[in-house]
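Accompanying notes for the structure given below.
The values are calculated or read from the model by the stated rules, or taken from the named source; none is laboratory data. Predicted model, so just to flag it, every value in this text is computed and none were measured. Every residue, glycine among them, receives a Cβ derived from its backbone with ideal geometry; neighbour counts consider all protein chains shown.
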Amino acid sequence: MYYIYEIPGVKIGCTDNTHRRVELAQKTKDYKILEEHTNIYRASYREIKLQKQFGYPVDKVPYFISSKMHEFRTEESFKQSALNHDYKELGKNTSKRQKGKLQPQLHTKEAMYKKQKAKIGKAPAWSLDPIKCEKVQEKKRRKVNQYSLEGQFLKSWNSVKDAEGTLNIWSGGISRAAKKGKLSGGFYWEYV
């Protein structure tokens, strides 16, 4: 779930975790939730519309892009992820001496933004329109059934993501279990 919140007199923002983003990061409990959305693109679109409507500063980067950039919290985690990536590519047979000579490519916020911007340039036109994007996503969704360990039918979900959001079970695990007839989160899953 994505929440569009307002801190009166300060800003309108979008987040998937109001406690972390508003109460801890912004250090305020004086806020109100304006809207809730299940689609990140729709939430990003509405956030910018509301910022314009209420006269707050408008984000230059939509939420659906900036949320990806915040995966790397600090410069240290950027460096560490770059180092890990380079070492994985080297393989097991590489000597420590060769590993020491590697110059890791640093992932800065600017580089991440350019990468995301390049992806948007290559994206189909419908992906930038939140309403069309929502319709396309609905067509791609596959219904999935949830079963107990004994094989009893429990619930039918519109998509794997819906089940993930409610049950806090990783969607990749649900999908894999539905394809292979295995367990995920203590349940059996099956595509309809």
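Look at LYS79 and say whether it is loosely packed, with under 14 Cβ neighbours inside 10 Å, at pLDDT below 85 and over 29 Å from ASN168 (Cβ atoms). Talk me through it step by step, then tell me what you get.
Working: loosely packed, with under 14 Cβ neighbours inside 10 Å: no; at pLDDT below 85: yes; over 29 Å from ASN168 (Cβ atoms): yes.
Taking the combined requirement at face value, the residue does not satisfy it.
So for the stretch 20-37 (the condition being closer than 20 Å to ASP162 by Cβ, outside the structural domain of ASN168 (by TED's automatic domain parsing) and loosely packed, with under 14 Cβ neighbours inside 10 Å), does at least one residue qualify?
Yes, some residue in the stretch 20-37 is closer than 20 Å to ASP162 by Cβ, outside the structural domain of ASN168 (by TED's automatic domain parsing) and loosely packed, with under 14 Cβ neighbours inside 10 Å.
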query = Pairs, please: C-beta under 6 Å, at least 6 apart or cross-chain, first residue over 14 Å from TRP170 (Cα atoms) and in the stretch 180-192, second basic (Lys, Arg) and part of a loop (DSSP other than H, G, I, E, B)?
reply = TYR191/ARG142; VAL192/LYS143
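Listed here are the residues, each with its yes/no results for (1) in a helix (DSSP H, G or I); (2) closer than 21 Å to GLU138 by Cα; (3) out of contact with any helix residue (DSSP H, G or I) (no Cβ under 8 Å at 6 or more places or on another chain); (4) among the basic types (Lys, Arg).
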residue	(1), (2), (3), (4)
GLY9	no, no, yes, no
ARG21	yes, no, yes, yes
LEU24	yes, no, yes, no
THR28	no, no, no, no
LEU34	no, no, no, no
GLU47	yes, no, no, no
PRO57	no, no, no, no
